[in-house]
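Q: One structure follows; several queries about it will come next.
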Amino acid sequence: MLKNQAVSIDFIAGMPRFGTTLLLSILNTSEEVLCIPEIPISIYAFSSFKNKSSFTKKDLTIWLGLQAKLPVIRKIEVNKQLFEDSIDKVKSYKEFLFLVNASLVFPLPKNEYTRIIDKDHTHMFQTCFLNTTFPNSNNVLLIRNPMAFVNSNIEKPDVNSSEKSVSFFSFVWLEYAKQISKLLETDISNRYLLVKYEDLVLNPEKTIRLICSHLKIVFSDKMLVFQDSKYNDLVVSNKLKPEQLDRMHSKYDAL
């Protein structure tokens, strides 16, 4: 396994519709980066495992339990044998998380990655724990124009009409903005990079180069055509319907 213990891990945080998935797809074009989709494993088992210094095969169940609850579009196979063979070598929650990441099975594996990028919307409010567990990590915080954020959520096809509340989404945006302000005022503010969604869309190369520099990742021209990357299918069985493909391509073309 456990070359992964020497791998660095960084985090992406931001509200849904802030561009976190877009950024993850861009960074995932790099051979040196293993991008973890929205699987909240980093905090899922923390309360149970934070003080553990020895692990057994019984501890496999908490990860498999979460994996079973994931929506179909995020279903990722798990190498159970790797987990079972290595779990007794784990001595901390940090090592447990690295083993979880190592156990993920992607259609096209990246065997030589040197960095893990973990993206989840909850990271914005979990940075104290994450930065304590991973003291060398860096973070990218995404923000979006509040009016665009509200409109984007209201116009989502999968949002029920009863949930299309301007006041609710405005409140959500404000709470995230307050949290970002707090993080940027801490004594480790240099570990946070604030990125505007609009800059990522309108000035992609300049913005992506800035992000790569912050995360210590080598910039590649492939990042500018991320939609063509062979790595951005999470599972082989995740085949989009024709209308979904049309919507995805039109969205990327618009960006």
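The values are calculated or read from the model by the stated rules, or taken from the named source; none is laboratory data. What you see is a predicted model, and the numbers here were worked out from it, not measured in a lab. Neighbour counts run over all protein chains shown; Cβ positions are idealised from the backbone, glycine included.
Q: Here's a check for you: in the stretch 194-215, which residue that is surrounded by 18 or more Cβ atoms within 10 Å (Cβ to Cβ) and touching a Leu at 6+ places or on another chain (Cβ under 7 Å) is nearest to PRO146 (Cα to Cα)?
A: TYR197
Q: Let me ask something additional. For the stretch 8-27, how many residues meet the condition of being small (Gly, Ala, Ser) and either buried (at least 23 other Cβ atoms within 10 Å of the Cβ) or touching a Leu at 6+ places or on another chain (Cβ under 6 Å) (or both)?
A: Result for the stretch 8-27: 3.
Q: While we're here: What tally of residues in the stretch 204-236 results from selecting those that are at pLDDT below 95, in contact with a strand residue (DSSP E or B) (Cβ under 8 Å, 6 or more places away or on another chain) and of a type in the set (Val, Ile, Thr)?
A: Total satisfying the criteria: 2.
Q: Given the structure, is ASN138 farther than 22 Å from ASN51 by Cα and not aliphatic (A, V, I, L, M)?
A: Yes; evaluated as a whole, the condition is true for this residue.
Q: Test of understanding: among SER86, SER47, which residue is among the hydroxyl-bearing types (Ser, Thr, Tyr), at pLDDT 85 or above, over 29 Å from HIS214 (Cβ atoms) and assigned to a helix (DSSP H, G or I)?
A: The unique qualifying residue is SER86.
Q: Oh, and also: Can you tell me how many residues in the stretch 50-80 are buried (at least 17 other Cβ atoms within 10 Å of the Cβ), assigned to a loop (DSSP other than H, G, I, E, B) and modelled with pLDDT under 80?
A: 1
Q: Turning to a different aspect of this structure: For ASN145, work out the one condition from (1) more than 30 Å from TYR93 (Cα to Cα); (2) exposed (fewer than 13 other Cβ atoms within 10 Å of the Cβ); (3) at pLDDT 85 or above it doesn't fulfil.
A: (2)
Q: Here's a check for you: in the stretch 197-226, which residue that is outside any helix (DSSP H, G or I), of a type outside the set (Ser, Thr, Tyr) and in contact (Cβ under 8 Å) with a residue 24 or more places away in the chain is farthest from SER30 (Cα to Cα)?
A: Result: LYS216.
Q: Something else: Please list, ordered by first then second residue, the pairs with beta carbon atoms under 8 Å, 6 or more apart or interchain, first in the stretch 115-143 and touching a residue at least 12 places away in the same chain (Cβ under 8 Å) and within 17 Å of PHE96 (Cβ to Cβ), second in a strand (DSSP E or B) and hydroxyl-bearing (Ser, Thr, Tyr).
A: Taking only residues 6 or more apart or on different chains, the pairs are ILE116/SER8; SER137/SER8.
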